[in-house]
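Down below is the structure, laid out as structure tokens.
Where a number appears in this text, it was derived from the coordinates with a stated rule and is not lab data. Only a predicted model underlies this, so the values are computations on that prediction, with no experimental measurement involved. When we count neighbours, we look across all protein chains shown, and the Cβ atoms used for this are built from the backbone with ideal geometry, even at glycine.
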Amino acid sequence: MSHKAYAFDWNTFECDELFTILIESLESNDVLPLAHYIKIHYTKLKDPYEGEPLTEIWQEMLEKKDTQEYGDFALTRFYDPAADMGIGEEWMEIDELLSEFNRGAFLGYSVHSKNNVFDPGHMGSYFQTPVQVSESLLKISELTIETTESFQSLLEDAALSGLGVYVTF
């Protein structure tokens, strides 16, 4: 289980139509609005696995063709999949040391509909708003865990830039 984390433009995402489309698609399991969003914005999107720009034949990359996968592709408009600054494989060891209070600083909150959570990797997917990033930075800076430097650096940069964070496994 690898903790991956990215600077994420939460404010733009929250105001963008994708936020509503994603929640509605999660509720209805209808991929068409997400597919339409990707079709319109594909020049601004990337492959969520490799970070390469999408091409016109992006749908050939899809395996499950479900709301999770379409949402995963659409979300790349707001972060760079090639810029992972997470904790990586050390997460399992660190997670065992954390209280529930401090665990939230390394994760965040899920985006979900009433009945379905956005979790494209099926191992956890979390977001932090810019305000939460600043709070997480304070919590993590008080801990003495050596292998969290890259994530702490991400939080520092995101806080300075007014960005949120996207964490996924």
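So if each residue of separation counts as 0.36 nm, and I subtract the Cα-Cα distance between Thr55 and Lys39, what length gain in nm does that give? Please report the intermediate quantities before stating the final value.
On the way: separation 16, 0.36 × 16 = 5.76 nm, distance 1.01 nm.
Length gained, Thr55 through Lys39: 4.7 nm.
Can you give the percent of C-alpha pairs in the stretch 83-169 whose distance is more than 14 Å?
Values: 2353 of 3741 pairs.
Cα-Cα pairs of the stretch 83-169 separated by over 14 Å account for 63 percent.
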I need the phi-derived Karplus couplings for the stretch 39-51: 6.51 cos²θ - 1.76 cosθ + 1.60, θ = phi - 60°, integer Hz, Gly and Pro marked x. 4, 5, 10, 4, 5, 9, 10, 9, 5, x, 9, 10, x
Which cross-chain or sequence-distant (5 or more) residues have an amide H under 5 Å from the amide H of Phe8, H modelled 1.01 Å from N in plane? Gly164, Val165, Tyr166
Residues whose built amide H sits under 5 Å from the amide H of Gly86, excluding neighbours closer than 5 in sequence, are Ala5
Obtain the nm distance between the two label points defined at Leu98 and Leu32 by a simple spin-label model: each point lies 7 Å from its Cα along the Cα-to-C-beta direction. 4.0
Before rounding to the nearest 500, sum -39500 (n - 2.57) across all DSSP H runs of length at least 4 in the chain and divide by the residue total; then give [θ] at 222 nm in deg cm²/dmol. -13000 deg cm²/dmol
Let me understand the chain better: what is its radius of gyration from the alpha carbons, and its Dmax, in angstrom? 15.8, 47
Three-way shape label, the stretch 38-82, alpha-carbon gyration tensor, a/c 1.5: rounded
For a label point 7 angstrom out from the Cα of Asp157 toward its Cβ, which stretches of the stretch 1-42 have the backbone nitrogen within less than 12 Å? 5-8
Of the peptides 59-67, 83-91, how do they stack up when ordered by the mean number of other Cβ atoms within 10 Å, highest first? 83-91, 59-67
One finds the C-alpha centres of the stretch 128-143 and the stretch 5-63 to be spaced, in Å, by 27
Need the full-extension length gain, Glu146 to Met123, defined as separation in residues times 0.36 nm minus the C-alpha distance. One decimal, nm. 5.9 nm
Would the stretch 18-107 count as rounded, prolate or oblate if I go by the C-alpha gyration tensor, calling it rounded below 1.5 in a/c and otherwise prolate when a/b exceeds b/c, oblate otherwise? prolate
In degrees, nearest 10, the alpha-carbon axis of helix 149-161 is tilted away from the dominant principal axis of the alpha carbons of the chain by 70
Whole-Hz ³J(HN,Hα) from phi, Karplus 6.51 cos²θ - 1.76 cosθ + 1.60, for the stretch 69-86, glycine and proline x: 5, 4, x, 4, 5, 4, 5, 5, 5, 10, 7, 9, x, 8, 10, 5, 10, x
